[in-house]
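Where a number appears in this text, it was derived from the coordinates with a stated rule and is not lab data. Since the model is a prediction, treat every value here as computed from it, not as a measurement. Because the Cβ atoms are built from the backbone with ideal geometry, glycine has one as well, and the counts that use them run over all protein chains shown.
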Amino acid sequence: MALGVRWWTSLALIACFAATEVLHLVSAAGRAYPIDSENYITYKFQHINHRLEWDRNNFLVDLSGRYSLCNQLFNRRPITVDRRTPEGENITGYIDYTDGSGTDVNSVKEYLRTIIDRWISTGVLHGYIHGARRFGCSVRPGCSGHVVTTCLFSPGGGLTPPSPPPDSTTSTIIPSSTIRQTAERTTLKTTSTKTIERIPIALAFTREQYEMAERAARMTWDRSHFLENLSGLETNCMMIDRCHHWKFTGAESYAARHEMHIKGGCGFSPNNGSTPKALDIILGAVKHFPNARQIGCSLIPDCPFPTRYGEIQMYVVVSCLYHY
């Protein structure tokens with residue numbers, strides 16, 4: 001009887017140690033996004049590519065967990081995965097991180113929102129998003145006061161992913177391309193500072209809209225298109241409900257290095273089928289700077305934004321820069 005008890009005790013201890021080891025391995029890898037974060041990132045990505053879907057089979061989610069590890073901290077970079085999806089498609093991805101010591105669900109959701117918003121504003125994942133049909137992500141909190149996350153995309157060969165952006169604290173914005181390809185543009189001076197290589201998602205104003213802005217602001221439009229192009233890298237759908245505290249530090253810093261003093265203002269209005277009507281409302285309400293000499297603006301006519309009833313309302317978003 002004593003031998004039987006000893007045998008069962010040993011078996012229980014082995015099982016306990018095995019369970020502990022499995023738990024350690026699981027906890028070391030990344031875990032799936034909270035459902036709110038999954039919905040948020042899907043909403044953001046589908047604004048760029050409406051055909052892109054979250055991987056409902058969780059293959060990419062589970063696989064991304066192998067890369068969302070604490071040993072990847074401070075290693076923000078694109079990755080190429082050495083295996084394919086069950087359908088035979090190749091996979092690419094991106095690893096990122098942010099500060100955050102909390103490990104509870106609400107804290108993790110806030111950290112992920114910070115990372116996702118940075119991805120959207122810098123455009124660092126636009127190449128992946130445009131070229132893929134499915135994606136999946138995981139997150140690993142509790143990494144010495146930081147959070148690591150990885151997103152995988154398939155197929156992964158649609159577009160060459162852009163270079164990682166500089167540190168998020170850098171407020172440098174240097175236009176690398178123009179908005180309106182049919183108009184002559186002033187070539188901007190190059191500097192020795194770091195650049196953000198991203199394509200503006202905003203549109204240039206038409207000639208009629210130039211005149212609308214001039215009347216509303218009571219100043220002349222910058223015909224060199226410098227202010228227009230620079231504003232195109234600031235204009236963002238995230239300005240909705242945030243214009244009253246939106247800071248144009250990037251544009252102001254870049255202009256200051258070229259001995260220009262500028263200020264920025266933005267506005268938004270529901271697009272109920274007429275962009276000109278919404279634009280007229282915005283230009284009448286956006287903050288103007290009476291002492292400025294010139295103005296340049298850009299717009300996004302189709303920013304989706306959820307209403308309190310759960311529906312999606314399209315908005316027109318405009319930002320303007322003023323040169324003193």
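A simple count of charges around Gly131, restricted to other residues whose Cβ falls under 12 Å of its Cβ and scoring Lys, Arg +1 and Asp, Glu -1, yields +2. Amide hydrogen proximity for Thr220: with H placed 1.01 Å from N in the peptide plane, the residues at 5 or more positions away or on another chain lying under 5 Å are Ile295.
Each label point was placed 7 Å from the Cα along the Cα-to-Cβ direction; for Glu208 and Glu89 their separation is 4.1 nm. Do the alpha carbons of any pairs in Lys263/Lys287; Lys44/Lys287; Lys44/Lys109 sit beyond 18 Å of each other, and which pairs? In this structure, Lys44/Lys287 exceed 18 Å between Cα atoms.
Net charge within 12 Å of Asn106 by Cβ-Cβ distance, Lys/Arg positive one each and Asp/Glu negative one each, not counting Asn106 itself? Net of charged neighbours comes to -1.
Here the Kirkwood formula, the inverse mean of 1/r across different C-alpha pairs, assigns region 241-324 a hydrodynamic radius of 13.8 Å.
Extension gain for Ser274-Asp82 works out to 64.3 nm (0.36 nm per residue, less the C-alpha to C-alpha distance).
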